[in-house]
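Novice: If you scroll down you'll find the structure; I have some questions about it.
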Protein chains: 2
Amino acid sequence: MQNVAIVGVGLIGGSFGLALRRAGFGGRIVGVSSPKTIRTAIERGAVDEGADLARAVAGADLVFLSSPISVIVDQLGAVDENARPGTLITDAGSTKAAICQKAQEKVRRAAFLGGHPMAGKERSGIAAADADLFQGRVWAVCPNDENVLREARVGEFLEWVRAIGARIEALSPADHDQAVAFTSHLPQLLSTALAACLRDADKAPELAGPALLDMTRLASSPYAIWKDILSTNDPAIRVAMKSFLRHFFELTRDFEGPDTENVFQIAQDSAAQVRSVLSI
Amino acid sequence: MQNVAIVGVGLIGGSFGLALRRAGFGGRIVGVSSPKTIRTAIERGAVDEGADLARAVAGADLVFLSSPISVIVDQLGAVDENARPGTLITDAGSTKAAICQKAQEKVRRAAFLGGHPMAGKERSGIAAADADLFQGRVWAVCPNDENVLREARVGEFLEWVRAIGARIEALSPADHDQAVAFTSHLPQLLSTALAACLRDADKAPELAGPALLDMTRLASSPYAIWKDILSTNDPAIRVAMKSFLRHFFELTRDFEGPDTENVFQIAQDSAAQVRSVLSI
């Protein structure tokens with residue numbers, strides 16, 4: 001892996017470039033983004049140069065697609081047409097079924113491996129990019145066909161993912177999308193609805209404490225970055241919502257009854273398990 | 001204010017003693033707790049000595065009740081019977097209507113001012129006490145009669161609250177309880193129900209990211225510390241739950257429709273407002 005094309009040099013794409021460099025990647029990194037973003041990305045050392053999509057992809061051993069989901073879906077055809085047969089195309093989209101299905105139709109010349117680095121920040125864009133962004137985070141990889149994981153180019157890419165500090169979890173696109181509906185999309189919707197309903201509460205901002213800060217942090221995310229995620233994962237999110245509401249109603253039916261205590265206990269165990277997996 | 005009795009020397013009571021000392025309080029601090037807790041509290045400098053309730057209260061200018069809500073409610077009669085007429089009784093209970101109503105019945109000799117320092121930690125007990133716990137936090141005070149706020153002993157107490165770094169918000173017990181139903185109790189219930197429903201999700205712990213950590217932090221709290229809070233604030237919590245569900249259903253009805261975008265926008269503004277009030 002000597003030549004990398006990063007298509008969409010924002011928080012994730014820019015951080016990937018910075019992290020590769022810091023992990024010792026000595027090859028060339030070409031970015032595809034607006035001229036202004038490319039200028040900043042070059043200044044920050046995230047990419048070596050900018051190019052248009054066709055030229056960037058034509059020279060690449062690895063193409064890293066880190067645009068919004070709908071843009072990735074639209075780009076896959078053109079990316080494959082311009083890629084060399086030995087190229088590996090991967091992506092960083094937050095839902096995987098829509099992208100992986102499109103890749104199955106469109107990626108013929110290159111190989112494709114869906115990916116989702118589970119890292120983020122409240123701020124977006126190349127200015128917020130950070131070589132440490134993936135450190136200790138999960139990087140989900142979702143092959144359409146598990147045989148792709150045995151290819152040498154995929155092995156080499158995954159070595160770099162480990163080198164930048166991420167922990168690889170391989171699972172199917174459908175399993176991924178159902179899991180992140182619970183671990184990411186449902187939490188976002190709860191935080192957004194909680195922050196919105198504070199409008200109904202007199203004196204709420206005055207009586208805010210650390211609990212409310214934790215629970216409304218995600219609510220600062222704009223619809224612009226959630227539209228694609230929500231609309232490409234609707235059925236899985238409905239499953240997670242239904243499960244949440246069932247537990248919420250069980251928890252709140254009678255605060256002095258045994259169900260409330262039981263749900264608290266399950267939640268404590270579950271919160272501890274999440275923390276033990278992330279070694280916190 | 002020369003003599004302070006802290007009844008219940010746990011995280012809040014112990015932190016109050018430590019914070020007073022660091023702010024320069026030179027009087028005597030007597031703690032009411034188990035012998036083991038008192039030993040630790042003396043070692044840590046949170047109290048000077050232990051005593052039983054009657055003796056501690058008899059000598060006190062300020063009585064600070066920092067036991068669980070149901071214990072405070074039970075103690076108010078005995079505290080007043082043992083207090084001198086010049087004594088101020090205050091408390092740190094997380095709901096105010098039940099305690100303030102009981103104080104109105106039982107506190108005859110001393111004066112009473114309901115209080116709620118909006119600070120906390122995941123760990124409880126004297127070992128977790130911290131002189132910085134109230135720094136930058138809201139300290140709600142809930143008088144049964146606003147005239148009490150003009151008394152000299154209350155003024156002196158509030159000066160110490162400011163000296164330990166807290167920001168005072170005065171409001172009625174009912175307004176307090178409705179506000180914290182939104183800012184504290186509803187967030188707790190959402191976090192607990194979210195953590196509990198992860199049991200329905202295969203692969204959820206493996207795909208946990210920072211968003212899930214934020215949103216399940218509160219779920220580590222045990223039912224033991226929430227039972228009293230929930231059962232003394234049931235109607236106000238139902239109001240907050242109803243508001244939350246209305247916004248949640250509006251947000252999730254159609255992810256590509258205008259309602260979803262609108263609720264995201266309201267939530268962003270609201271999250272920003274909470275942060276601006278807390279100067280974060």
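The values are calculated or read from the model by the stated rules, or taken from the named source; none is laboratory data. Here the structure is a predicted model, which means the values were calculated and not measured. Positions of Cβ are generated from backbone atoms using ideal geometry, with glycine treated the same way; all protein chains shown enter the neighbour counts. Keep in mind that these areas ignore ligands, DNA and RNA; they rest on the heavy atoms of the full protein, side chains included. Shrake-Rupley method; radii C 1.70, N 1.55, O 1.52, S 1.80 Å.
Novice: Just wondering, is there one or more residues in segment B:118-128 that are of a type in the set (S, T, Y), farther than 18 Å from A:L198 by Cβ, surrounded by fewer than 19 Cβ atoms within 10 Å (Cβ to Cβ) and in contact (Cβ under 8 Å) with a residue 40 or more places away in the chain?
Specialist: The answer is yes, given that some residue of segment B:118-128 is of a type in the set (S, T, Y), farther than 18 Å from A:L198 by Cβ, surrounded by fewer than 19 Cβ atoms within 10 Å (Cβ to Cβ) and in contact (Cβ under 8 Å) with a residue 40 or more places away in the chain.
Novice: Right, another one. Keeping to segment A:152-163, report how many residues are open to solvent by 20 Å² or more (accessible area, probe 1.4 Å) and either in contact (Cβ under 8 Å) with a residue 60 or more places away in the chain or not acidic (D, E) (or both).
Specialist: Residues that pass the stated criteria total 7.
Novice: Okay, next question. Starting from segment B:1-22, take each residue that is among the aromatic types (F, W, Y) and list its partners that are part of a strand (DSSP E or B), counting only C-beta distances under 7 angstrom and pairs at least six apart or across chains.
Specialist: B:F16/B:I6; B:F16/B:F64
Novice: Enumerate the pairs (first residue in segment A:129-146 and in contact (Cβ under 8 Å) with a residue 60 or more places away in the chain; second residue anywhere and open to solvent by 50 Å² or more (accessible area, probe 1.4 Å)) with beta-carbon separation below 8 Å, excluding pairs fewer than 6 apart on the same chain, so at least 6 apart or on different chains.
Specialist: Note: pairs meeting the criteria are A:A129/A:R44; A:D130/A:K121; A:A131/A:R21; A:A131/A:R22; A:L133/A:K121; A:G136/A:R167; A:G136/A:S279.
Novice: Out of the residues in segment B:220-236 meeting the condition of being crowded, with 18+ Cβ neighbours inside 10 Å, under 15 Å from A:T260 (Cα atoms) and aliphatic (A, V, I, L, M), tell me which one is nearest to the other protein chains (Cβ to nearest Cβ).
Specialist: B:L230
Novice: Among the residues of segment A:237-280, which ones are more than 31 Å from the chain's Cα centre (by Cα), more than 7 Å from chain B (Cβ to nearest Cβ) and assigned to a loop (DSSP other than H, G, I, E, B)?
Specialist: Across segment A:237-280, the qualifying residues are A:R253, A:D254, A:G257.
Novice: Could you tell me whether segment B:51-69 includes any residue that is on the phi > 0 side of the Ramachandran plot, part of a loop (DSSP other than H, G, I, E, B) and either surrounded by fewer than 24 Cβ atoms within 10 Å (Cβ to Cβ) or touching a helix residue (DSSP H, G or I) at 6+ places or on another chain (Cβ under 6 Å) (or both)?
Specialist: Among the residues of segment B:51-69, not one is on the phi > 0 side of the Ramachandran plot, part of a loop (DSSP other than H, G, I, E, B) and either surrounded by fewer than 24 Cβ atoms within 10 Å (Cβ to Cβ) or touching a helix residue (DSSP H, G or I) at 6+ places or on another chain (Cβ under 6 Å) (or both), which makes the answer no.
Novice: Those residues that are buried (at least 22 other Cβ atoms within 10 Å of the Cβ) and over 16 Å from B:A111 (Cα atoms), I need them from segment B:70-93; list them, please.
Specialist: Passing the criteria: only B:G93.
Novice: On the given criteria, is A:G31 assigned to a helix (DSSP H, G or I) and either in contact with a Cys (Cβ under 7 Å, 6 or more places away or on another chain) or open to solvent by less than 50 Å² (accessible area, probe 1.4 Å) (or both)?
Specialist: no
Novice: I've got another one for you. Based on what the data block shows, is B:I168 closer than 29 Å to B:V47 by Cα and surrounded by fewer than 20 Cβ atoms within 10 Å (Cβ to Cβ)?
Specialist: Yes; evaluated as a whole, the condition is true for this residue.
Novice: Determine whether segment A:168-187 contains at least one residue that is aliphatic (A, V, I, L, M), under 26 Å from A:T216 (Cβ atoms) and away from chain B (no Cβ under 14 Å).
Specialist: For segment A:168-187, residues aliphatic (A, V, I, L, M), under 26 Å from A:T216 (Cβ atoms) and away from chain B (no Cβ under 14 Å): absent.
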